[in-house]
Amino acid sequence: MTRRRILYYCQSLVGIGHLTASLRIARELLAHHDVDFIQGGLDVATGLAALLQRHAGYRNLKLATLLHDDDTGGLADPEGGAPIDALWQARAAAISAFLRPPYAAIVVEFFPFGRRRFRREIYALFDAVRAASGAIPIFCSVREVLIPADARTEQKIVAMVDKHIHTIFVRGDPAIVALDETFAQADAIRPKLVYTGYVAPDAPTAWPLRQKKILVSQGGGDVGRELLRAATLTAPSLPDYRFVLAAGSRTAKERIEELRAEARSDNVEVVPFLPNFQHHLLESALSISLGGDNTMLDVITTRKPALAYPYQGSSEQAMRIAKLGAAGFVHALEPTDLDPERLRAKIEHALATPYPQHRIAADGARLTAEAIGAMVAR
């Protein structure tokens, strides 16, 4: 049977959660389809990306990088060299040269619930592909928790969904949290919503012995340094445990050296971003993190006791942590818990609490790919 080609578009702005989820879905799609994958933003999901690159049916385009600028709130070139207009033009030219129609479908990550600043690029992509491929379906994959928007913005999103999106695949388990809780007009798009379960990593094939190690991770960005500092101050009071502090993927070498200089005891090790994060997590007794998408899914997959301190600029992370905490999968940290004495007490409580026996839906990559395949076949 002829393998049909699917186009996948993913733009990241801060961390790597969107990219990782998209690559996991693309890997499942490759079982029966060819995949052309367009990505913008950070490129640090190296292990999974390298695995896909070896597949004969996979093509990848890395666009000129545009990321969120914390200072201005706009978009910026992280290298600081090129004018933004020049980057947009370079991206458009690269996309045009990359496309290889006809396509059976388009999958777009997060849009129109997010990435609306990229809508001209995304709409141009839709138009070019449909001009060469016909009225093919456009699917959206979106996380289960959104940053709440006002009613007018939600109305615009609903209009975009009505006009462009065939089906919305929600990466989550509604028994934990439903999209309705952060998108008030969910009823308006209800017929297009399909919950797939979380897009989790593969379950471990081996379970190494758990060491007296506490893994403190910053995630895919460069925020939450206060959590790493709190861990260095707490470590002396727990000398039997080794604290491994994993910096973020965007953390500069100078910042890592600053953290090393702040360590007050021999049981603290500061390391760069860990691409083999799950292996280190399996060896650890406890995870302490910012509670990002990827980390929480790794914690759940490895059934690891965990503390999570949501990035203070993200209501999305705070809600997810609260919901997972209510189900017993994680213990939430507040800013006041970063005091060394309070953090030590939180660590000891988490280590002593039995892990829940129930599980959550977490096979979202496979179920998304199967649903897309069935819809494309029809």
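Return yes when PRO275 is at pLDDT 95 or above and either touching a Gly at 6+ places or on another chain (Cβ under 6 Å) or not polar (S, T, N, Q) (or both) and no when it is not. The answer is no for PRO275. Quick check on segment 271-285. Is at least one of its residues touching a Phe, Trp or Tyr at 6+ places or on another chain (Cβ under 6 Å), within 21 Å of ALA362 (Cα to Cα) and hydrophobic (A, V, I, L, M, F, W, C)? Within segment 271-285, not a single residue is touching a Phe, Trp or Tyr at 6+ places or on another chain (Cβ under 6 Å), within 21 Å of ALA362 (Cα to Cα) and hydrophobic (A, V, I, L, M, F, W, C). The C-beta contact set for segment 165-183 (first residue touching a residue at least 40 places away in the same chain (Cβ under 8 Å), second residue part of a strand (DSSP E or B) and surrounded by fewer than 20 Cβ atoms within 10 Å (Cβ to Cβ), distance under 6 angstrom, 6+ apart or interchain) comprises THR167/VAL194; PHE169/VAL194.
For segment 176-199, give me each residue that is aliphatic (A, V, I, L, M) and over 26 Å from ALA352 (Cα atoms). Talk me through it step by step, then tell me what you get.
Residues of segment 176-199 that are aliphatic (A, V, I, L, M), as a first pass: 176-179, 184, 186, 188-189, 193-194, 199.
Listed by number, the residues that qualify are VAL177, ALA178, LEU179, ALA184, ALA186, ALA188, ILE189, LEU193, VAL194, VAL199.
Mind listing whichever residues of segment 126-157 are touching a strand residue (DSSP E or B) at 6+ places or on another chain (Cβ under 8 Å), within 27 Å of ALA361 (Cβ to Cβ) and open to solvent by 10 Å² or more (accessible area, probe 1.4 Å)?
Just the residues of segment 126-157 that are touching a strand residue (DSSP E or B) at 6+ places or on another chain (Cβ under 8 Å), to begin with: 126, 129, 136-144.
Remaining after also requiring within 27 Å of ALA361 (Cβ to Cβ): 137-144.
If the condition is that a residue be touching a strand residue (DSSP E or B) at 6+ places or on another chain (Cβ under 8 Å), within 27 Å of ALA361 (Cβ to Cβ) and open to solvent by 10 Å² or more (accessible area, probe 1.4 Å), then PRO137, ARG143 are the ones that fit.
Among the residues of segment 216-228, those identified as in a helix (DSSP H, G or I) and surrounded by fewer than 20 Cβ atoms within 10 Å (Cβ to Cβ) are ARG225, GLU226. On the stretch given as segment 352-378, residues that are loosely packed, with under 15 Cβ neighbours inside 10 Å and within 17 Å of SER287 (Cβ to Cβ) total 5.
Being at pLDDT 95 or above, closer than 23 Å to HIS33 by Cα and part of a strand (DSSP E or B): is that true of VAL107 here? Criteria met by VAL107.
Only one entry in LEU233, LEU227 is touching a helix residue (DSSP H, G or I) at 6+ places or on another chain (Cβ under 6 Å) and among the aliphatic types (A, V, I, L, M), namely LEU233.
Each row is one residue, and each column tells you yes or no for (1) on the phi > 0 side of the Ramachandran plot; (2) surrounded by 20 or more Cβ atoms within 10 Å (Cβ to Cβ); (3) aromatic (Phe, Trp, Tyr).
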| residue | (1), (2), (3) |
| --- | --- |
| VAL271 | no, no, no |
| SER284 | no, yes, no |
| ASN294 | no, yes, no |
| TYR311 | no, yes, yes |
| SER315 | no, no, no |
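Scoring VAL299 on the criteria (1) more than 23 Å from ILE147 (Cβ to Cβ); (2) of a type in the set (Val, Ile, Thr); (3) in contact with a Leu (Cβ under 8 Å, 6 or more places away or on another chain) leaves a single failure, condition (1).
Taken together, GLU79, GLU28 contain a single residue that is of a type in the set (Asp, Glu), in contact with a Ser or Thr (Cβ under 8 Å, 6 or more places away or on another chain) and touching a residue at least 60 places away in the same chain (Cβ under 8 Å), which is GLU28. Filtering segment 324-368 to residues that are assigned to a helix (DSSP H, G or I), in contact (Cβ under 8 Å) with a residue 24 or more places away in the chain and in contact with a His (Cβ under 8 Å, 6 or more places away or on another chain) leaves LYS346, ALA350.
Within segment 108-125, the set of residues being open to solvent by less than 60 Å² (accessible area, probe 1.4 Å) and touching a Leu at 6+ places or on another chain (Cβ under 7 Å) comprises just one member, PHE113.
The values are calculated or read from the model by the stated rules, or taken from the named source; none is laboratory data. Small disclaimer: the values here were computed from a predicted structure and weren't measured. Glycine gets a Cβ as well: all are built from the backbone with ideal geometry, and neighbour counts include every protein chain shown. Please note that ligands, DNA and RNA were not included when accessible areas were found on the heavy atoms of the full protein model with its side chains. Shrake-Rupley method; radii C 1.70, N 1.55, O 1.52, S 1.80 Å.
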